[in-house]
Amino acid sequence: MARLLRFPVPPMNVLSIQSAVAYGHVGNAAAQPALHCLGHTVWRVDTVTFSNHPGHGKFAGQVRPAAEVAAVLQGLADLGVQDQCGAILSGYLGEAATAEAIAKTVTQVKRANPQSVYLLDPVMGDAGRVYVRDGVPDAMAKMLLPLADMIAPNAFELSLLADQPVTDKDSAVAAARRLIARGPSLVLATGLRLEGGKVATLAVTEAEAHAVTAPWLDRPVFGTGDLFGALFLGHWLEAPGDAVRALRLAASGMAEAIAATEAAGSLERALIPNLERICHPPALLPAERV
């Protein structure tokens with residue numbers, strides 16, 4: 001498997017609006033280290049502050065009220081630095097009302113810097129279950145999806161947003177193109193289970209679709225989508241427009257992360273000790289056209 005060239009690029013400022021945990025690597029605790037390793041500066045805004053991922057069975061902490069998130073974002077606007085923001089990444093929302101503050105910020109940043117990009121990770125649920133508060137899926141679909149340049153749903157979230165089943169690569173491509181008709185130019189469909197113990201990640205545009213497949217790890221590991229979104233965005237900023245390159249690098253980095261986490265036998269991703277290999281994988285998975 002060939003390696004892809006690393007491009008010398010100036011660091012970008014990435015506004016990352018996601019969850020925060022003290023223990024483990026989900027949300028901003030996954031995205032920030034990855035984006036830093038890829039050479040980018042992160043403007044971090046947390047939507048919740050928890051002790052750990054709720055998947056451990058218990059946790060402590062609180063959701064950041066939408067007004068508080070909005071105040072932090074307005075503080076950035078008041079600094080007059082929005083024209084220096086190269087990308088926005090948003091993920092888990094504690095409240096539906098937070099989507100309004102994000103939408104306002106995305107609009108302002110794009111007005112100040114038309115070259116900026118917005119990647120929406122529509123964190124809603126997985127494996128047939130919605131696990132966010134009432135109103136969050138609807139707010140993401142109505143307020144954030146139309147503003148997104150890129151969106152990275154897992155297979156379940158893609159099915160919810162497109163309102164149609166997603167069971168294989170063809171149905172994933174069809175669902176992705178329904179979303180493209182509503183705003184984004186690129187859909188990254190993650191976590192698509194295939195026969196033979198494989199999982200696919202797809203990059204779909206209006207004209208093309210490519211997929212990378214890897215072994216499926218049949219047990220929960222927290223923060224998979226959060227890390228993938230940060231890796232894809234970080235690599236995209238190195239070579240804007242080259243979705244296949246970013247897909248291969250991000251998916252290969254995820255394979256490195258999954259292998260390290262499996263070796264550690266942990267629910268939490270083995271991120272920091274393996275960060276360089278995850279962000280700059282030594283070998284790349286191939287991409288096939290769908």
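The values are calculated or read from the model by the stated rules, or taken from the named source; none is laboratory data. Since the model is a prediction, treat every value here as computed from it, not as a measurement. Don't worry about glycine lacking a Cβ; one is built from the backbone with ideal geometry, like all the others, and counts go over all protein chains shown. Remember, those area values only see protein heavy atoms, side chains included, never the ligands or the DNA or RNA. Shrake-Rupley method; radii C 1.70, N 1.55, O 1.52, S 1.80 Å.
Output the strands (runs of 3 or more DSSP E) that fall wholly within the range 1-113 and possess 3 or more residues being open to solvent by less than 10 Å² (accessible area, probe 1.4 Å) and over 28 Å from A260 (Cα atoms), or say none.
85-90
Say we look at the range 181-199 and pick out the residues that are part of a loop (DSSP other than H, G, I, E, B) and without any contact (Cβ under 8 Å) to a residue 40 or more places away in the chain; which of these is farthest from K142 (Cα to Cα)?
Filtering first and then ranking leaves G196.
When you scan the range 119-137, do you find a residue that is over 17 Å from L73 (Cβ atoms), at pLDDT 95 or above, assigned to a helix (DSSP H, G or I) and in contact with a helix residue (DSSP H, G or I) (Cβ under 9 Å, 6 or more places away or on another chain), even just one?
Yes, that holds for at least one residue.
Determine if the range 200-217 includes at least one residue that is closer than 21 Å to I17 by Cβ, buried (at least 23 other Cβ atoms within 10 Å of the Cβ), without any contact (Cβ under 8 Å) to a residue 60 or more places away in the chain and of a type outside the set (K, R).
No: zero hits.
Among the listed residues A174, A211, A207, which satisfies the condition of being at negative phi, modelled with pLDDT of 95 or more, assigned to a strand (DSSP E or B) and not polar (S, T, N, Q)?
That would be A211, the only listed residue that is at negative phi, modelled with pLDDT of 95 or more, assigned to a strand (DSSP E or B) and not polar (S, T, N, Q).
Which numbered condition trips up E268, out of (1) crowded, with 16+ Cβ neighbours inside 10 Å; (2) under 15 Å from C37 (Cβ atoms); (3) of a type in the set (D, E)?
It fails just one condition, (2).
Taking H25 as meeting all but one of (1) of a type outside the set (A, V, I, L, M, F, W, C); (2) closer than 22 Å to A246 by Cβ; (3) at pLDDT 95 or above, write down the number of the exception.
(3)
Right, A103: under 24 Å from A189 (Cβ atoms), out of contact with any strand residue (DSSP E or B) (no Cβ under 6 Å at 6 or more places or on another chain) and without any contact (Cβ under 8 Å) to a residue 60 or more places away in the chain or not?
It is true that A103 is under 24 Å from A189 (Cβ atoms), out of contact with any strand residue (DSSP E or B) (no Cβ under 6 Å at 6 or more places or on another chain) and without any contact (Cβ under 8 Å) to a residue 60 or more places away in the chain.
Having 3 or more residues that are among the small types (G, A, S) is the bar; report the helices (runs of 4 or more DSSP H) wholly within the range 220-290 that clear it.
224-238, 243-264
So, D134, is that one open to solvent by less than 60 Å² (accessible area, probe 1.4 Å), among the charged types (D, E, K, R) and within 30 Å of T167 (Cβ to Cβ) or not?
Against the criterion (open to solvent by less than 60 Å² (accessible area, probe 1.4 Å), among the charged types (D, E, K, R) and within 30 Å of T167 (Cβ to Cβ)), D134 does not qualify.
Exactly one condition in (1) open to solvent by less than 50 Å² (accessible area, probe 1.4 Å); (2) modelled with pLDDT of 95 or more is false for L147; which is it?
For L147, the failing item is (1).
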